[in-house]
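Everything below concerns the one structure shown next.
No value in this document is a laboratory result; all are computed from the given coordinates. Here the structure is a predicted model, which is why all the values come from computation and not from measurement. We place every Cβ from the backbone using ideal geometry, glycine too, and count neighbours over all the protein chains shown.
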Amino acid sequence: MAGSISEKQIEAYLRDEVKKIGGKAYKFVSPGNNGVPDRLVCLPGGVAIFVELKAPGKKSTAAQIAKQREIRKKGFRVFEDIDSKESVDTLIETRFGTK
């Protein structure tokens with residue numbers, strides 16, 4: 001897709017939008033644990049979610065899907081395949097009632 005937005009740009013957009021609502025979107029790296037989501041989003045009031053970002057049209061790998069399932073079984077919310085600024089906006093609007 002010529003001229004399409006990159007995963008890195010979507011990730012920066014998520015980080016900036018979360019900051020606007022008083023949160024922090026930490027880059028999540030866990031050595032030795034393949035497939036962990038890209039960001040751990042922490043918001044006021046004790047809300048913590050995991051977010052897997054993708055380039056437009058890309059999907060989570062089998063390892064990522066397995067890790068998402070494992071995290072959900074522990075009671076956390078995981079949002080996968082966030083692949084556009086619009087999907088970031090939808091996540092923030094529908095999950096946090098802002099924007």
Review point. Roughly what percent of Cα-Cα pairs across the range 7-96 reach past 23 Å?
Key: 16
Review point. In nm, to one decimal, how far is the modelled label at Asn34 from the one at Lys20, with both set 7 Å along Cα→Cβ?
Key: 3.7
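Relative to the present Cα-Cα distance, how much length would full extension add between Glu70 and Ala12 at 0.36 nm per residue of separation? Provide the component values of the computation, followed by the final result.
Details: separation 58, 0.36 × 58 = 20.88 nm, distance 2.60 nm.
Extra length from Glu70 to Ala12 when fully extended: 18.3 nm.
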Study note, to complete from the structure: the chain: antiparallel bridges as % of DSSP beta bridges, rounded to 5, reads 70
Practice item. For each of Val41, Val78, Val51, count neighbouring Cβ atoms within 10 Å of the residue's Cβ, then give the residues from fewest to most. Key: Val78, Val51, Val41
Point to revise | Cα centre as origin, Lys/Arg/Asp/Glu Cβ charges: the chain dipole, Debye | key: 340
